[in-house]
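Input: a single structure, listed below in structure tokens.
We did not get these values from a lab; they are worked out from the coordinates using the rules stated. These numbers were taken from a predicted model, which means no experiment stands behind them. All Cβ positions, glycine included, derive from the backbone under ideal geometry; neighbour counts span all protein chains shown.
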Amino acid sequence: MESCEAMVRNKFLRALRRLGKRYVFNLYHRSKLSAAHFPPAVWIENTNLCNARCVMCPRDKHTRPQGIMPMALFEKLISEIEKNNDAVTRVHLHNYGEPLLDKDLALKIRLAKEAGVRQVYFVTNASLLTEEKVHQYIAAGLDEFKISFYGTSPETYNNTMVGLDFEKTMNNVKTFFRVRKALNAKHPRVLVQYLPQPHNLGLTDEFVSMFDDMIDRTLGDSISIFNLHNFGGGRSYRDTSAPACTICDYPWRTMVILQNGLVVPCCMDYNGEQVVGDVTVDSIAGIWNGTAYRQMREMFKTLNYTRYPVCLRCEHIR
Ligand code: SF4
């Protein structure tokens, strides 16, 4: 049996080893971080309106303006992305809200594809995914989308994704797979996501068996089981009392543009607290290479998040 002294010593050594690993990891990570001239992934929040009131989502706490990004602003962004399409690997057409509420979504997908974006993607609850829209999105060239489907029965689903209807959405999902197959289309691939939580009883196995035969793995479809995360003070599910010990690399790889043009570094910032620019008055490149982003990168490199209240409530750096 371990003596008390040995226990304390071993605990100390284990902590030292953990810290050592983290220190070496951060040194390595820091040496690899270099900002390209343009963000590799650009998230464009086409809307932050939603037709659901999911229990875990902080959207109901938005005090920022709600709406749909005007087409003129979207076109301005896409035109700049086209000039830099060597650097951009992904455009996400969503952030907070249901992207299918935007009647111009198919057009926006098509413009992004015509601009040379390799991967165009969005996340949807699929409640508005009619057969007509399936045809439009496939024709527009959509590469991939994720379906948030957070229940395995009408009861668990409707209790979690409040305002939506299990049967109707399930029919939409089945319609999508039927149409894609009938058209012999190779895209978009689909990720069907579950979020185990008390409201849906966390029936992960049941969820997997519900979709396992529906998806087509040869086209890259998959099932994802995700975990609840914090939303920068909007909703908190994880403990963030430990000090920050990891460099967050979002400012090197992603830019999130809210529907009104304000720019934040990541999607955890649900209410637009950490604004680093405004694309209505500046360019994507101007903001990406501007003072606010550069300061953020310098501070993140030294694990200094003190100026960033959303980061201070984020579990990714713990
Ligand atoms: S630390 Fe968290 S909140 Fe801050 S930029 Fe990174 S992921 Fe976003």
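Bridgeable lysines around residue 168 (alpha carbons under 17 Å apart, same-chain partners fewer than 8 residues away excluded): 133. Ordering 249, 102, 213 by the number of other Cβ atoms within 10 Å of each residue's own Cβ, fewest first, gives 213, 249, 102. Could you tell me which residue out of 247, 275, 291 lies farthest along the dipole of segment 230-302 toward its positive end? Charges go on the beta carbon: Lys and Arg +1, Asp and Glu -1, centred on the Cα centre. Positive-most Cα among the choices belongs to 247.
Taking other Cβ atoms within 10 Å as a rough exposure proxy, 131, 144 sort from fewest to most as 131, 144. For the chain, the dipole from Cβ point charges (+1 on Lys and Arg, -1 on Asp and Glu) about the Cα centre works out to 1140 debye, to the nearest 20. Calculated mean residue ellipticity, 222 nm, the chain: -11000 deg cm²/dmol, from DSSP H runs (n ≥ 4) at -39500 (n - 2.57) each, averaged per residue and rounded to 500. If you take the Cα centroid of segment 43-105 and the Cα centroid of segment 269-318, the two points sit 19 Å apart.
For segment 135-274, the Kirkwood hydrodynamic radius from C-alpha pairs, put into Stokes-Einstein at 20 °C and a viscosity of 1.002 mPa s, yields a diffusion coefficient of 122 µm² per second. For residue 47, the amide hydrogen comes within under 5 Å of the amide hydrogens of 69, 95, counting only partners 5 or more places away or on other chains and with H modelled in the peptide plane. Of all DSSP bridge pairs formed entirely within the chain, close to 25 percent run antiparallel. Ranked by how many other Cβ atoms sit within 10 Å of their own Cβ, fewest first, the residues 122, 177 fall in the order 177, 122. Given the options 115, 85, 314, identify the residue whose Cα lies farthest towards the positive end of the charge dipole of the chain (+1 on Cβ of Lys, Arg; -1 on Cβ of Asp, Glu). The residue sitting most towards the positive pole is 314.
Taking the DSSP beta bridges with both ends in segment 152-302, the antiparallel portion is around 50 percent.
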